[in-house]
Amino acid sequence: MFKILILTLILIILITLGVGLINLVKGKSQNSITLFKSLKLRIILSAVLFLIVIFSAYMGWIEPNKVNL
Amino acid sequence: MDNKQLYYVPNGTYWPIIGSVGVSTLFIGLANQMHGVEWGMTVMLLGLAILIFMLFGWLGQVVNESVSGLYNDKVDASFRLGMAWFIFSEVMFFVAFFIALFYARNLSVPWLGGEGNNFFTPELWNGFSATWQQIAFNTPSTTLQNGTEISVPVKLVNTWGLPALNTALLLLSGVTLTIAHHALRAGKRNNLIFWLIATIFLGVLFLGFQVAEYGHAYADGLKLTSGIYGSTFYMLTGFHGFHVTVGALMLTVILYRVQKGHFSKDNHFAFEGVAWYWHFVDVVWLGLFFFVYWL
């Protein structure tokens, strides 16, 4: 369940980054604004994802990968 | 319509041949260095110096042509397309390594361990067992019956240590860069310069910790030759670190150009390109952090 949440957020982050790239390549003045907005959203979502994972691990809800012996 | 609106034909230039000479010299030096030839390193460094000289000269020329107003919309579009192809190759590059990591961890190593086909793998190699040594350092060696020494992972690297710290540092650099980007769009030059310097500083700090992490990993026996995990770990993090280095260099150039007053609120493609690149490199690290440690 948690993995799905993490993967979904990573996917959305990739999409915001992709939207940024498309607008970077188009290069009109409106695109410049969209580029900035998408990059801003990208960093906010990344920070949220990081905090969710760190907090969940701190609370003991999830654990980092183990050595598979 | 004036032809200048459609085409910009630059003067003939000697920079490409200098670049070719630089790259050839670099690799002749590198190849000979790897064969233990005495002059290998000297020639390699000479090639690198020529290459750096070419980059400064050629890119400097492009910047000068740009600020003297020689470029039109067509040239602008060509730069943007160049960026698109560059990023396409970068994405393919990292996707290939991520898929290699996935394939090794989830498919090929379990298959070698007998998953799915019940193959008795100890016959492949005496004492073989399918392990994924990820994040396992402190590996004392043990000797198999046939005398082969292998290392056995016994301890997890602390996810809360350098990996988490480095993730936080890169994320923070993304935040400072976004503030700088905003300052540029708002025309606040001093803020822009301050936050750009902060971003470069965080990037360099990240690299410093990454070097420390490599030191730990190496001392604990994780090397490029430590099986498939060692290989993918160093290839991915190594190339990522190289990209952070390049990104920090590009940000430094942007900082220099900001101080020269090359950018305006509405016209700053170079900044946008480098900013996007930095965000991209940050996302690659996020992918590494989550896929290696959490997923």
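Test of understanding: among B:Gly241, B:Gly221, which residue is in a helix (DSSP H, G or I) and assigned by TED's automatic domain parsing to the domain that holds B:Phe290?
That would be B:Gly241, the only listed residue that is in a helix (DSSP H, G or I) and assigned by TED's automatic domain parsing to the domain that holds B:Phe290.
Scan region B:221-249 for residues that are surrounded by 17 or more Cβ atoms within 10 Å (Cβ to Cβ) and closer than 20 Å to B:Ala270 by Cα and report the count.
Looking only at that region, the number is 4.
With B:Ala100, B:Ala136 as the choices, which residue is in the same structural domain as B:Gly161 (by TED's automatic domain parsing), at pLDDT below 85 and either within 30 Å of B:Tyr218 (Cβ to Cβ) or under 21 Å from the mean Cα position of the chain (by Cα) (or both)?
That would be B:Ala136, the only listed residue that is in the same structural domain as B:Gly161 (by TED's automatic domain parsing), at pLDDT below 85 and either within 30 Å of B:Tyr218 (Cβ to Cβ) or under 21 Å from the mean Cα position of the chain (by Cα) (or both).
Limited to region B:249-266, what total is found for residues that are farther than 21 Å from B:Gln61 by Cα and touching a residue at least 40 places away in the same chain (Cβ under 8 Å)?
Residues meeting the conditions: 1.
Which of the residues spanning region B:16-45 are in a helix (DSSP H, G or I), out of contact with any Gly (no Cβ under 6 Å at 6 or more places or on another chain) and of a type in the set (A, V, I, L, M, F, W, C)?
B:Ile17, B:Ile18, B:Val21, B:Val23, B:Phe27, B:Ile28, B:Leu30, B:Ala31, B:Met34, B:Met41, B:Leu45 - these are the residues of region B:16-45 that are in a helix (DSSP H, G or I), out of contact with any Gly (no Cβ under 6 Å at 6 or more places or on another chain) and of a type in the set (A, V, I, L, M, F, W, C).
For the structure I just gave you, tell me whether B:Gly29 is out of contact with any Asp or Glu (no Cβ under 8 Å at 6 or more places or on another chain) and touching a residue at least 12 places away in the same chain (Cβ under 8 Å).
Against the criterion (out of contact with any Asp or Glu (no Cβ under 8 Å at 6 or more places or on another chain) and touching a residue at least 12 places away in the same chain (Cβ under 8 Å)), B:Gly29 qualifies.
Condition check ((1) loosely packed, with under 11 Cβ neighbours inside 10 Å; (2) under 30 Å from B:Gln259 (Cβ atoms); (3) polar (S, T, N, Q)) across all residues:
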site: B:Trp39; (1), (2), (3): no, no, no
site: B:Leu46; (1), (2), (3): no, no, no
site: B:Ala49; (1), (2), (3): no, yes, no
site: B:Leu59; (1), (2), (3): no, yes, no
site: B:Gly69; (1), (2), (3): yes, yes, no
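Only one of these conditions is not met by B:Lys260: (1) over 24 Å from B:Ile99 (Cα atoms); (2) buried (at least 16 other Cβ atoms within 10 Å of the Cβ). Which number is it?
(2)
Going by the structure shown, is B:Leu255 closer than 23 Å to A:Arg42 by Cβ, of a type in the set (A, V, I, L, M) and surrounded by fewer than 21 Cβ atoms within 10 Å (Cβ to Cβ)?
Judged against the criteria, B:Leu255 is a match.
Which residues, taken from region A:1-46, are facing chain B (nearest Cβ under 9 Å), of a type in the set (Ser, Thr, Tyr) and either surrounded by fewer than 19 Cβ atoms within 10 Å (Cβ to Cβ) or not in a helix (DSSP H, G or I) (or both)?
Listed by number, the list holds a single entry, A:Ser29.
Just to be sure I understand, how many residues within region B:212-225 are under 20 Å from the mean Cα position of the chain (by Cα) and touching a residue at least 24 places away in the same chain (Cβ under 8 Å)?
Summing the residues that are under 20 Å from the mean Cα position of the chain (by Cα) and touching a residue at least 24 places away in the same chain (Cβ under 8 Å) in region B:212-225 gives 3.
Every residue in region A:49-69 that is under 15 Å from the mean Cα position of the chain (by Cα) and either among the aromatic types (Phe, Trp, Tyr) or more than 10 Å from chain B (Cβ to nearest Cβ) (or both), please.
Scanning region A:49-69 gives A:Phe50, A:Ile52.
Could you grab me the full set of residues in region B:171-200 that are under 28 Å from A:Tyr58 (Cα atoms) and at the interface with another protein chain (Cβ under 9 Å from one of its Cβ atoms)?
B:Leu171, B:Leu172, B:Gly174, B:Val175
Which members of region B:90-108 meet the condition of being touching a residue at least 24 places away in the same chain (Cβ under 8 Å) and of a type in the set (S, T, N, Q)?
B:Ser108, the sole residue that qualifies.
The values are calculated or read from the model by the stated rules, or taken from the named source; none is laboratory data. All values derive from a computational prediction rather than experimental measurement. Every residue, glycine as well, gets a Cβ built from its backbone with ideal geometry; the counts of neighbours run over all protein chains shown.
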